[in-house]
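One structure is given here, and the rest of the page talks about it.
Readers should treat all values here as calculations from the given coordinates under stated rules, not as data from a laboratory. All figures in this text were calculated on a predicted structure; none of them were measured in a lab. As a convention, Cβ positions derive from the backbone with ideal geometry for all residues, glycine included, and neighbour counts pool all protein chains shown.
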Amino acid sequence: MIFVEDLSQYLDEFLADARDRIDSISNAVISLEEIVKKGGDEREKRELIDRVFRDAHTLKGTAATMGFMRLSETAHKMENLLDAVRNGEIEITPEIVDLVMDFLDAIEKMIYDIEAGSGDENIDVDPLFEKADKLLKGISSSKERKEEKSHQDNREKETTATHEEVPHIEGNKYHIKVLFQDDAQLKNVRAFLVLTDLEEIGEIIDTIPEREIIEEGNFTGTSLEFTVTTSLSPEEIKKKITRHPEVKEVVVKNVKENVQGENLEENVNEYTIKITMEKEAPLKGVRSFLIVQDLKKIGNLKKVFPEPNKLEKEELIEGKYFAVLLQTNENKDNIKQLILKHPDVEKVEILEGNRLNEFHSADKSKADKSEIKKPTPQSSIERKVKISKMIKVDVFHLDKLMNLVGELVINKGRLEQIAERLGDRELLEALSTTSHLMTELQDEIMEMRLTPVAEVFNKFPRMVRKLARELNKEVEFTMEGSDIEVDRTILDKLGDVLVHLLRNAIDHGIEPPEERIAKGKPRAGKVELIARREKSHILIIVKDDGKGIDPEKVKKKAIEKGLISPEQAAEMRPEEAINLIFLPGFSTAEKVTDVSGRGVGMDVVQDVIKTLNGSISVKSEVGKGTTFILKLPISMAIIQALLVKIANEIYAIPINNILETIDIKQSKLKTIGGKKVIVLRDEIIPVFMLHELFGVGYIEKDKFPAIVVDLGAQKVAIGVDELLNKKDIVIKSLGKMLSNVKGFAGATILGDGRVVLIIDINSLFGGISGGL
Amino acid sequence: MSRKIRVLVVDDSPFIRKVLKDIINSDPELEVCCEAHNGVEAIEAVKTLKPDVITLDIEMPQLNGLDALKFIMNKYPTPVIMISSLTQEGAEATIRALEYGAIDFIPKPSSYLSTGIKELRLEIITKIKEAAKIPPRFLKFRRIRLLESQKRIREKKDVAKSIVAIAASTGGPQSLLRVIPKLPAEIKSGILIVQHMPPGFTKSFAQRLDRVSKIEVKEAEDGDLVEGGKVYVAPGDFHMEVTIRAGKPRITLNKKPKVHGVRPAADPMMISAARAFGRKTIGVVMTGMGRDGAQGLAEIKKRGGTTIAQDKETSIIFGMPKAAIELGVVDYIVPLDRIAETIVRAEKKVLAG
């Protein structure tokens, strides 16, 4: 049993929640800015403002709950700011957005400090508070005045209201029409809430459909109509109703007393509908009754002929039809559809206006006065809402689970050996089933570790916006494929890489607005971040439409830095030249800005990607833009590897690194500058024996197998004794003790329990690449 | 041991949900049967899983707590406890929720509450258990009006000649909102109310009462002169007493130790009122858990005053009135909607004689 003694045990939950809120606020605020700039949808704008406000509010609350008062205060101040935006007292200008972003930065720093254990007191938020106060001060005086006025207004109203007595409401009579969005999911709930809201501010005289239908939560139509007496103004009424989501439109019209009883709205039509049932159909009375109930939901059913209770007893005219007079704003087709949904309807005729008299003469015979209790109206089909069945699990547990499965595999191997020895068929069969189950278990755990890239992507809109403003550039940033999932470990490392690439794109890629205009490009540069799934890989693409990478400049720089010789440069194709940016210590920036910084270059990016068993490539066209493509495995924990053997030891090489496998004849080996090479399809490729790299002795053979790997700028062939099979392997860390050992990415355990080292091609050649 | 009380926790913050869930599940008689992170999910969960009690947050996306409450109380009546943030808006929304039909509320778990987390845990668990026992007749959607009541502005305020001291706890706010508005503008007594509520909420509650009543209602301040036809609500975290100073009845607020675990408590208020006004004191004990007010009524009775208790049928929780009745110190046991008229009649009686 858990006893909740203090809240510190919830710190992780709090931090995760807070970070989500920060991302949510920043993205919503940026979207808002966009909408304001482009003059977008009012409704979307309002929803975004509501969301931002709510997030700030929750952040404030949870921070207070945890006792982080400084953080709570800061969130509170931001909430005030957003509240003013929500009330329309402050316009959303880039300055306001900047300020909100500054608030978020401060909050994020506090969160960081809290996580690091130093509390939320170290961030100086006073300048931010001052800025916010200044902005809020301008509006508060006018707000007070407004409040004072409304207070007076209230005093003037001569109403006495208590819970018991229904007071006589002074005011105007309005006809209110509420239209819901086509895709509204909760119309029945919203309709009920609109009704209760109106009840609170006035007296409802009439509704379409019938009040009972709305109250029971059975409303299914697309529009609601009310006639209400209230002292509120049409704008106030409108505001009350539009606070509900999914409301598309509200029309409030003043109704003059003398037109009461007339059609309230021009587009409300009156129809006489004749519905003929199949003569032989059983239950036609009940069916008719249900049709009547349905019609009540879409409008004002003024008359039913014969009366509903007769209908129910199958007293139809000529034994087969009945007629109704309906006031509705639905069109004829919709009405017809609604009726034809019912079985056993033979014919529906819809006539405009009141033509009911034509039917009266037809039925004078039967008269029955007995009353029958109405069955309850057919309840509408309510939408199923999915309840979140998600739970949060610490990655630690998943790692542990994965390890345990690894252990299981080892044990299974031992069991298999024992079973072999005993020669027990039954035992072997049981073990075979177990191994299937284990594979499934592995897949399941892998699946659990997958996280949507959104978790990292969500930070970027804010970062990009901030950067662009700092550099006086205009950037239109779009993201795609945020829902693509990838292993947690990969995602964690991916963040920094993408930050670097995006910064480069904005800092070095996108030109200043004036320059772009001069070049005939749109003022705002385009930066795209795209995630895409491709079989067992994901592609992440960072694309800009900036000035591109100039191969000549790259070559010049590389020569200056002594990375290549002028001769080498002369021979290089443009695509090759661009790849020089991945060399350590290369930076193409003409000026060093604090954005991309010094020292961290593309080589670091490449290193990170390679440790993830991925690859990075770049395409660029001068004047048109640059595209970086990252190819990453979906899961780090389990990869495909080729097993090779040297000196009776088995090693695993991740298949991602391997271009091809070849057989090398000793006779084809050539020596250039004391190094062995082979010519493969007109390309000179250095050849290394894995034995040499590991420093174990080997006997030269006439023929040996080799794998060809790509080291970025250079291909290399690695000779081994024997190529074994391709296998899915579970990567296990070598542990802290061995973390400094170069050349290995980890270890894995084979089915038979043997431990095999996984070769990390890049770090393996790290030591000798200078000599290539 | 019968089956556990199944609780639906509705909150948009996973963090708060976790805290509440741990607190609720820590009690052997309670279990969280499901969680929802907005009103939409809450309605669906209530419909399909029929929880015994719901804890409901107010600010939520898609469908907020108040709206969800209205729909739930109308369609699937269930005891609801609001989880309220300690802000002015939070307090106002909470009072509104109680009027719509929520049973009770608890402040959002917070490190800076005056009560520690241990006490809060106890409060949450006790309130959920009490809520689960509420008879179905109290579970329904109640419609309210937001229009303000017109007050007759009195030219000259008179010092109160008699006093009405009212005690209420769980179910009190919604019940008092059906008593105070019925009091006539001509009432001559000063009216003191102790409603067990945290600071902040008492102010919003007083404002809401003021808006719908014919007489003025305010949150009491230290030193207030007790005037006739005016209602004084004891502020949260203070005991409220009335004393005669320089011949005039005045309010004193103090932070003396909690009585029955609460502050404000009704007993000190009633005892001080009985001492100041003697037989011109009318004591009323309304719905609520515990036994606060019983001692106070006894003191009023001892000094010749009149005592009233709400009856069992209309008390959301028949704890405090029951304690007073069992003590044998109650003159009138009346249903909720007759409390106001009983007060008026009692006032006539004490002022005449």
Item to check | Neighbour-count ranking [beta-carbon atoms within 10 angstrom, fewest first] of A:V125, B:V19, A:V100 | outcome: A:V125, A:V100, B:V19
Checklist entry - Mind listing the phi-derived Karplus ³J(HN,Hα) values for segment A:571-576, rounded to whole Hz, using 6.51, -1.76 and 1.60 with θ = phi - 60°, and x for any glycine or proline? => result 7, 5, 6, x, 5, 5
Item to check | Bins of 5 Å from zero: percent of alpha-carbon pairs in segment A:172-259 | outcome: 3, 16, 30, 27, 16, 7, 2, 0
Next on the checklist: Taking the 0 to 90 degree range and rounding to the nearest ten, how far is the long axis of helix B:88-100 tilted relative to the main principal axis of chain B, both from C-alpha atoms?
Outcome noted: 90 degrees
Checklist entry - For the pair B:E31 and A:E474, how long in nm is the line joining their label points, each one 7 Å along Cα→Cβ? => result 6.1 nm
Checklist outcome for this item: Residues whose modelled amide H sits under 5 Å from the amide H of B:A220, counting only those 5 or more places away in sequence or on another chain, are B:V233, B:A234
Item to check | Candidate lysines - alpha carbon under 26 Å from B:K302, same-chain residues fewer than 8 apart omitted | outcome: B:K161, B:K188, B:K230, B:K248, B:K256, B:K258, B:K280, B:K312, B:K322, B:K348, B:K349
Checklist outcome for this item: Expected sort for B:71-84, A:696-709 on mean C-beta neighbours within 10 Å, highest first, is B:71-84, A:696-709
Item to check | Relative packing of peptides A:673-680, A:311-318, B:96-103, B:209-216 - highest average C-beta neighbours within 10 Å first | outcome: B:96-103, B:209-216, A:311-318, A:673-680
Checklist entry - Hey, what does the equivalent ellipsoid look like for the protein assembly as shown, semi-axes from the Cα gyration tensor as sqrt of 5 times each eigenvalue, largest first, whole Å? => result 69, 40, 33
Next on the checklist: Quick check on packing: order B:168-178, B:263-273, A:523-533 by the mean number of other C-beta atoms within 10 Å, highest mean leading.
Outcome noted: B:263-273, B:168-178, A:523-533
Next on the checklist: Compute, for chain B, the length of the dipole vector about the Cα centre, with Cβ point charges of +1 (Lys, Arg) and -1 (Asp, Glu) only. Units Debye, rounded to 20.
Outcome noted: 1260 debye
Checklist entry - Roughly what % of DSSP beta bridges within chain B run antiparallel, to the nearest 5? => result 20 percent
Item to check | Average beta carbon contacts from partner chains per residue of B:177-185, 10 Å cutoff | outcome: 2
Checklist entry - What are the residues whose amide H is under 5 Å from the amide H of B:T314, where those residues sit 5 or more places off or on another chain and H is modelled from the backbone? => result B:L336
Item to check | For segment B:46-58, Karplus couplings with θ = phi - 60° (6.51, -1.76, 1.60), whole Hz, Gly/Pro x | outcome: 5, 5, 8, 9, 6, x, 7, 9, 10, 9, 10, 7, 9
Checklist outcome for this item: Mean other chain Cβ within 10 Å across B:14-24 is 6
Item to check | From phi via Karplus (6.51, -1.76, 1.60), per-residue ³J(HN,Hα) for segment A:237-250 in Hz, x at Gly/Pro | outcome: 4, 4, 4, 4, 7, 6, 5, 7, x, 6, 8, 8, 8, 10
Checklist outcome for this item: Long-range amide H partners of B:S189, meaning residues 5 or more apart or on another chain whose placed amide H is closer than 5 Å, are B:G229
Item to check | Test item: B:54-66 mean partner chain Cβ contacts at 10 Å | outcome: 3
Checklist entry - Relative to the longest principal axis of chain B, what angle (0 to 90°, nearest 10) does the C-alpha long axis of helix B:14-25 take? => result 80 degrees
Item to check | A:A518-A:E420 pseudo-label distance in nm [points 7 Å out on the Cα-to-Cβ vector] | outcome: 7.5 nm
Checklist entry - Want the number for A:K670 to A:N122: 0.36 nm per residue separation, take away the alpha-carbon distance, what's left? => result 190.7 nm
